[in-house]
Amino acid sequence: MTENRKVELIKKISEDIIRLSVKDKPGRAMSEHEKSIELLARAMCDFSVMYLSPQTDHDEILKGTLSKVKIAFNTIEQSKKHSIVIKRV
């Protein structure tokens, strides 16, 4: 499998993850982890587009990708902080 074919496969899988995450689920809100997964999939998809299209504006794509990864990290970090329960005895 060629390098470009591998990147195309990464892009396709990322798009499938995005498609699954934005599907309407009546009566069910997305968890913070699900939102993070969607952001990371979008970042991977953007990165794949940048790799496959050398004529694109790499600086803008990298800024957007970095922002998505940072937001995903912060979301996961925040959700872990809230799950800690301190009980006084």
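Some points to look at:
- Within region 8-50, being in a helix (DSSP H, G or I), open to solvent by 90 Å² or more (accessible area, probe 1.4 Å) and over 22 Å from I71 (Cα atoms) holds for one residue alone: K12.
- Region 51-70, subset of a type in the set (S, T, Y) and part of a helix (DSSP H, G or I), residue farthest from T2 (Cα to Cα): S67
The values are calculated or read from the model by the stated rules, or taken from the named source; none is laboratory data. The shown structure was predicted, so the numbers you read here are calculated from the model rather than taken from an experiment. The accessibility values were calculated without ligands, DNA or RNA, using every heavy atom of the protein model including side chains. Shrake-Rupley method; radii C 1.70, N 1.55, O 1.52, S 1.80 Å.
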